[in-house]
Structure formats: C-alpha cells, structure tokens
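Quick notes on the structure that follows.
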DNA sequence: AGAGTAGGAGAACGATGGTTCTCGCGCAAG
DNA sequence: CTTGCGCGAGAACCATCGTTCTCCTACTCT
C-alpha cells in the first residue's frame, strides 16, 4: 500500500493532466483512478467528491503556475526586464506540448455558470496574477493603469495562443507591452 | 403546428440562451425542447444530434456577433474612430445582463479537446474577428502588427470582463489601444 | 366520411458516470 | 493462531442524458 501523501500526489497529478488536457466534465473519476493507480475508495477518502477534487486541482495549479512565472520573471535584473520577461515566460509555456490555454479560463467557461467555487477560484487566480503585474509595474515606477493594460495583453495572448495553437501571440504581446512601457 | 422555419428559429434561440448561459454540456436536449416549445421529434428532424445543434448555434452566433460589431464600428467617421469604437462596443456587450464571455472561447475550453468541429469553429471565429481588425488597421494606414496587438487587447478584455464580472476592461483596453494607435 | 399520415407528448432504451457497497485478502494485535 | 480491521478490485446502484419509439390525436386528400 502507498502512503496517503503519495496517493494524494498521484491523484492530483493525474487529475491535473486529465482535467487540464480534456476538460472537467470530460474526465470521469474512474479515469483518474486508472491514471493515478489509486483505488476509488482511497480517492473518495482523500477527496469526498469530484467537485472537491476539482477545487484541489485548481488551487494547486494556481500556486504552481504563479510560482513558475515569478521564479522566471524575478530572475531578471531591472523592473522593466521583469515585466517583459512575463511575456517570454508565456512564450515558453505556450510552447509546451500539452498547452491548452488557461486552466482557470477554461474551467470558468465550462462550469463557472453552475459552480460558484469554480467561478470564485478563477476570479481569485486572475486577481492574483494581476496583482503580481501591479507589483512589477509599481516597482518600475509606472502608473497603475499600465499594469491593467499589460494584464489584458497577457490574458489575450493566452486565449489566442490556445485557440490558434501557436506561441506567437506571446511575442506580439511583448512587442505591444514594450510600446506601452515606453509610453507610460 | 408551427412552420419548420419558426421551429428552427425557436430552437436556435433557446439553444443560444441555454448553451451560452450555462455551458454546452450543462444543457440537455430536454431543456432545449422545453425552452423552445418544439417537440423532441421535430428537434431531431431539424438537428440530427446535439453536436450538430451546437455547431449550428456557434455558426449563427459567429455571424450575428460580427455583424453587430461591424454595424457599430462602421458607423464611425474615421478609420481611427472605427478602431476605437470596437472597444466601445465591447463595453456595451460586457454590460448586457447575460454576458458570460466569448461563446467561442468558452466552447473551446469545454469541448475543444474532444470535438474538432468546436475547436475549428472557435478558431474560425477568432480569425474572422482578427481579420476585421486587420481591415480597420489597414484602412487607417497602420502596420499590420498593430492589428495583432489590438486583437490581444480585445481578447484579453473579453476574458477579463467575463471572469471579473465587470465591464471596465473595455475601457482599459480602449486606453491601451489609443496609446498603441498613436505610437504606430 | 374514412384512411392514411404527420406531429406532439412523453415513455423507453442504452450508455455513461458519480458514488457506494461487497467481497476477499493480508497484516497486526492479543 | 485467530480475530478483526484496512485496503484494493471491481460490481452495483442510481441519476442523468442523448436518442428513439409508442401511442394517440388531428388533419388532409379523395
């Protein structure tokens, strides 16, 4: 038998791959059982319902996503470079083979109307991301309005990259960001 | 009995309200039957499967959405005004009580991974929208890259407005668009 | 008027999926 | 050793949903 911690990790890993890759409703609990190798009984002990598993998946993904982004951007030397690095990181993300857009936007589109926890998690994720951009913008001594504009560019790049299947929107967004940055 | 044309209209109206408002998989055919007042038999005569009804819904929405946008923007006097009017129209749209983001992005997030018709329709919609922006940009004598940047702003505004439930992103996007327009 | 047909209401069917239950096994405590 | 508990495997259960079928009504065409 495997430890509860390992079981939880395996479940969350399987859930993330499947939910993100195919959508929340398209994936059944049985499939998460098979992919994780954890029995249905244990699965329901750790996550009492599919809804709770979805929330756990989204919560973990939110934290990890923002950590990856911040680790990349914060490694830059100047505030301006950190801002532009956000778009470089987006480009790397878009290039990953399993990239399929923003997990939160996708979940919101699918269940936001019928599940307030999902809607709330999506909103919290966007707010946290926008808050991070606001920090970077403030550190660069730029007006707060700029951070809102950058957020729209990033958001638009994510959606566009997902639907067109190309990483190019990240470069276009960076170009636009450079113009806005210079003008602000 | 009602005419086949009326039945088709009523079905498509009901499907649009329900699919857009609650999601594709969250709405059953029975509910479309009730909302439209058209019997299940007729419904399946006109749309042989739920998948085909979804496609019909998306096709009609694509055309209507772009017509509404173009009717609004094309009424402006100058090319620059037409570009900025796109964002004013977005603001009006975001303010509608049943606004819930882009039907195509939502559908893509929900079924894009498992249904190629849905993925293809979403891509076609975005391409058509971007093409329209490219026309406006070219008419203003601006470089093609600008139209890509404007597309990202619009796209980001739609997603952000949907998740935050506010129409404000349209104004922020317009502000950013004005800066990019002046700099291009 | 009478026969045949189209249509409506809704039951029925089959598949799927979330959740729980049963069964049998292995291990740990007494 | 044996008793009981926790676990895994998977069947079972129940609701939902896409799709089709049945039955009955009402109208049309002669």
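Just so you know, all these numbers are worked out from the coordinates, no wet-lab data involved. Keep in mind the model is a prediction, meaning the values are calculated, not measured. When we count neighbours, we look across all protein chains shown, and the Cβ atoms used for this are built from the backbone with ideal geometry, even at glycine.
Using alpha carbons only, how many degrees (0 to 90, rounded to 10) separate the axis of helix B:144-164 from the longest principal axis of chain B?
Helix B:144-164 sits roughly 50 degrees off the main axis of chain B.
How do B:27, A:179 line up, fewest other C-beta atoms within 10 Å first?
Ranking B:27, A:179 by Cβ neighbours within 10 Å, fewest first, gives A:179, B:27.
Taking R0 as 35 Å, what's the FRET efficiency between residue A:63 and residue A:168 from their Cβ-Cβ distance, rounded to 0.05?
Calculated value: 0.80.
The stretch A:1-48: D in µm²/s via Stokes-Einstein (Kirkwood Rh, Cα pairs, 10 °C, 1.306 mPa s)?
151 µm²/s
Once you have the Kirkwood Rh of the stretch A:65-112 from its Cα pairs, apply Stokes-Einstein at 37 °C and 0.692 mPa s and quote D in µm²/s.
It comes out at roughly 276 µm²/s.
Largest first and to the nearest Å, give the Cα extent of the stretch B:106-184 along each principal axis.
Principal-axis extents of the stretch B:106-184 (Cα, largest first): 42, 28, 12 Å.
How far apart, in nanometres, would the label points at residue A:88 and residue B:138 be if each is projected 7 angstrom from Cα along the Cα-to-Cβ direction?
For residue A:88 paired with residue B:138, the spin-label model returns 3.5 nm.
For chain B, just the Cα set please: Rg and Dmax, both in angstrom.
18.1, 60
Tell me the angle of helix B:116-139 to the major Cα principal axis of chain B, expressed in degrees between 0 and 90 and rounded to the nearest ten.
Roughly 30 degrees between the two axes.
Let me understand the stretch B:1-110 better: what is its radius of gyration from the alpha carbons, and its Dmax, in angstrom?
Reported Rg and Dmax, both Å: 16.3, 51.
The stretch A:133-156 to the stretch B:147-168: how many Å between their Cα centroids?
14 Å
Could you identify which residue out of A:114, A:137, A:159 has the top mean-square fluctuation in a GNM of chain A using Cα springs shorter than 10 Å?
Residue with maximal mean-square fluctuation among A:114, A:137, A:159: A:114.
Give the shape of the protein assembly as shown as rounded, prolate or oblate, defined through the alpha-carbon gyration tensor: a ≥ b ≥ c are the square roots of its eigenvalues, a/c under 1.5 means rounded, and otherwise the shape is prolate if a/b is larger than b/c and oblate if not.
In terms of gyration-tensor shape, oblate.
Can you give the angle from 0 to 90° between the axis of helix B:79-95 and the longest principal axis of chain B, with both taken from C-alpha atoms, to the nearest 10?
Approximately 40 degrees, to the nearest ten.
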